[in-house]
1. Test Glu59 against the stated conditions and say whether it is modelled with pLDDT under 95 and touching a helix residue (DSSP H, G or I) at 6+ places or on another chain (Cβ under 8 Å).
2. Any idea which of Leu89, Leu99 is open to solvent by 50 Å² or more (accessible area, probe 1.4 Å) and in a strand (DSSP E or B)?
3. Restricting the search to the range 66-108, which residues are at negative phi and basic (Lys, Arg)?
4. Using beta carbons and a limit of 7 Å, which pairs, at least six apart or on different chains, have the first residue in the range 45-66 and under 16 Å from Leu10 (Cβ atoms) and touching a residue at least 40 places away in the same chain (Cβ under 8 Å) and the second one open to solvent by less than 70 Å² (accessible area, probe 1.4 Å) and outside any loop (DSSP other than H, G, I, E, B)?
5. Quick check: anything in the range 71-82 outside any strand (DSSP E or B), loosely packed, with under 10 Cβ neighbours inside 10 Å and touching an Asp or Glu at 6+ places or on another chain (Cβ under 9 Å)?
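The values are calculated or read from the model by the stated rules, or taken from the named source; none is laboratory data. What you see is a predicted model; the values in this text were computed from it and never measured. Cβ placement follows ideal geometry from the backbone for every residue including glycine, while neighbour counts extend to all protein chains displayed. Surface accessibility is based on the protein's heavy atoms, side chains included, excluding ligands, DNA and RNA. Shrake-Rupley method; radii C 1.70, N 1.55, O 1.52, S 1.80 Å.
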Amino acid sequence: MIDIRTLTELRPEDLRRLNMGYSSRSKYIVEKTEAPQRTTISLELRDLGHPYIKRWVTEEEDIARGQRLVSHGLSLGAYDGEEMVGIALAEPRPWNRSLWVWEFHIAETHQRMGIGRR
């Protein structure tokens, strides 16, 4: 069973393992049209024909930011036993009473299980 808990610490190895990247078989084409009384933005989903794969490298500054974010008490970890399988790193934005999510990752082994939705 997956347990979701408020993070009290961030281990660099967890962020490095979860912050891998993504692959996609489609992309959105964005078009912006401006007129004196109207601005229109449209998105059209198009097939790429082959998967696009993006991989990230977690830098020391990413780890430092993640550890700072955890100190706000609003970041979450998803755990399968003691193994972290998901992470959401967030900070409050008091000026507009919102929450900014900097990182949101689910381990490939645990994707499509509803963890992110929870």
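1. Working: modelled with pLDDT under 95: yes; touching a helix residue (DSSP H, G or I) at 6+ places or on another chain (Cβ under 8 Å): no.
In short, no.
2. On the way: Leu89 fails: open to solvent by 50 Å² or more (accessible area, probe 1.4 Å).
Among Leu89, Leu99, only Leu99 is open to solvent by 50 Å² or more (accessible area, probe 1.4 Å) and in a strand (DSSP E or B).
3. Across the range 66-108, the qualifying residues are Arg68, Arg93.
4. Within 7 Å, the pairs are Thr58/Leu15; Asp62/Leu15; Ile63/Pro12; Ile63/Leu15; Gly66/Leu15; Gly66/Leu89; Gly66/Glu103.
5. Step one: filter the range 71-82 for residues outside any strand (DSSP E or B), giving 71-75, 81-82.
Checking the rest, the ones that are also loosely packed, with under 10 Cβ neighbours inside 10 Å come to 81-82.
Cutting the leftovers down to touching an Asp or Glu at 6+ places or on another chain (Cβ under 9 Å) gives us 81.
So far as the range 71-82 goes, yes, one or more of its residues are outside any strand (DSSP E or B), loosely packed, with under 10 Cβ neighbours inside 10 Å and touching an Asp or Glu at 6+ places or on another chain (Cβ under 9 Å).
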